[in-house]
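Nothing in this text is a laboratory measurement; each read-out follows from the coordinates by a stated rule. None of the values given here were measured: they were computed from a predicted structure. Note: ideal-geometry Cβ built from the backbone for every residue, glycine included; neighbour counts use all protein chains shown.
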Amino acid sequence: MTNSWIERLEVDSLLGLKRFAVLLDPDDAPKGRDLEKWLTEISNSEASDILIGGSHLSHGNTSNLVIAAKKHTDLPIVVFPGSPDQISDKADALLLLSLVSGRNADLLIGRHVEAAPKLMAMNIETVATAYMLVGDGPLTTAAYISQTLPIPSAKPELAVATAQAAILLGMKLVYLDAGSGAGNPIPLEVIRAVRKAISVPLIVGGGINSNEEIEKAWEAGADLVVLGTVLEKSLNFSVLKPS
């Protein structure tokens, strides 16, 4: 029997069972009754997971959002931290992100050193995650905050080599992200190339705005597709359906 979040994702990946998560940003999530209604709608949707976190440097409100999510849904709650302040032991798991697409040492290991004592004292599953920004512009929040350049969309071989290096370093998960508010999703050829090159689960997010784009990302090899901005703006899953 598999108990951990990453083990369940690994099994689903092997079985070809696709998942999608809703990303809630602690800074931009609705409040009060609006949040309760949105969490209930997420719970009643086909979403398999809820990710909580973002590129903004939130202070103190991540745990409150995690607690609210746990109260109103039985879906797994996974922290997607933009900083050590976005850590909560109330969640089911935490993605320990290393921004391997960039060369900002603070986001490769610096913040991890800062967070490690806190994480070691917590009873939370921590998943070493190779986080890779991919895209050509406009500048996304993730790229601006991280002060790094994304991997160019037309260079799938660079994405592949970066993902392979991360796996050799022991990463358990690869997350390809176009960034919050991206104009375009990750190119399918990049997803296919990375999927072919690795055996660990693959998460894809950023710039996905329709059910058709979710299906295409799945078909290209994504195990878990993440939707954030498009749902954050509408608080309604009908925005994903054809008009």
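For the pair residue 165 and residue 199, what calculated FRET efficiency results from E = 1/(1 + (r/R0)^6), where r is the Cβ-Cβ distance and R0 = 22 Å, to the nearest 0.05?
Plugging the Cβ-Cβ distance into 1/(1 + (r/R0)^6) gives 0.90.
The Cβ shell under 12 Å around residue 91 holds other residues with a net charge of -2, Lys and Arg each +1, Asp and Glu each -1. Taking other C-beta atoms within 10 angstrom as a stand-in for reagent exposure, 25, 12 fall in the order 12, 25, fewest first. From most to least packed by mean Cβ count within 10 Å, the peptides 65-78, 217-230, 98-111 give 217-230, 65-78, 98-111.
Computed from the C-beta positions of residue 109 and residue 144, the FRET efficiency with R₀ = 22 Å rounds to 0.55. Our coupling estimate for the range 223-238, obtained by passing each phi through the Karplus curve with A = 6.51, B = -1.76, C = 1.60 and θ = phi - 60°, is 8, 9, 9, 10, 10, x, 4, 4, 7, 4, 6, 9, 6, 7, 6, 5 Hz, Gly and Pro reported as x. For residue 154 and residue 7, the difference between the fully extended length at 0.36 nm per residue and the C-alpha to C-alpha distance is 49.7 nm. Determine which residues of the range 165-208 fall in the zone a paramagnetic label at residue 15 would reach in this model, i.e. backbone nitrogen under 16 Å from the point 7 Å along Cα→Cβ. Residues passing the 16 Å test: 201.
Between the range 100-153 and the range 173-214, what is the C-alpha centre distance in whole Å? Using only Cα atoms, the two centres lie 16 Å from each other. Within a straight-line Cα-Cα reach of under 16 Å, residue 71 can be paired with the following aspartates and glutamates, leaving aside sequence neighbours fewer than 8 residues apart in one chain: 34, 36, 41, 49, 89, 92. Over the chain, dividing the summed -39,500 (n - 2.57) contributions of all DSSP H runs of at least 4 residues by the number of residues returns a 222 nm mean residue ellipticity of -10500 deg cm²/dmol. Close amide H partners of residue 173, meaning residues 5 or more places away or on another chain with modelled amide H under 5 Å apart, are 130.
By other beta-carbon atoms within 10 Å, ranking 237, 80 with the fewest at the front produces 237, 80.
Note on residue 120 and residue 235: their simple-model spin labels are 4.2 nm apart, each label 7 Å out from Cα toward Cβ.
At a Förster radius of 25 Å, what calculated FRET efficiency corresponds to the Cβ-Cβ distance of residue 33 and residue 85, to the nearest 0.05?
0.40
Candidate cross-link partners of residue 172 among the lysines, defined by an alpha-carbon separation under 26 Å and a same-chain spacing of 8 or more, comprise 18, 70, 90, 118, 155, 196, 216.
Taking only alpha carbon atoms, the range 5-234 gives an Rg to Rh ratio of 0.93, where Rh is the Kirkwood radius.
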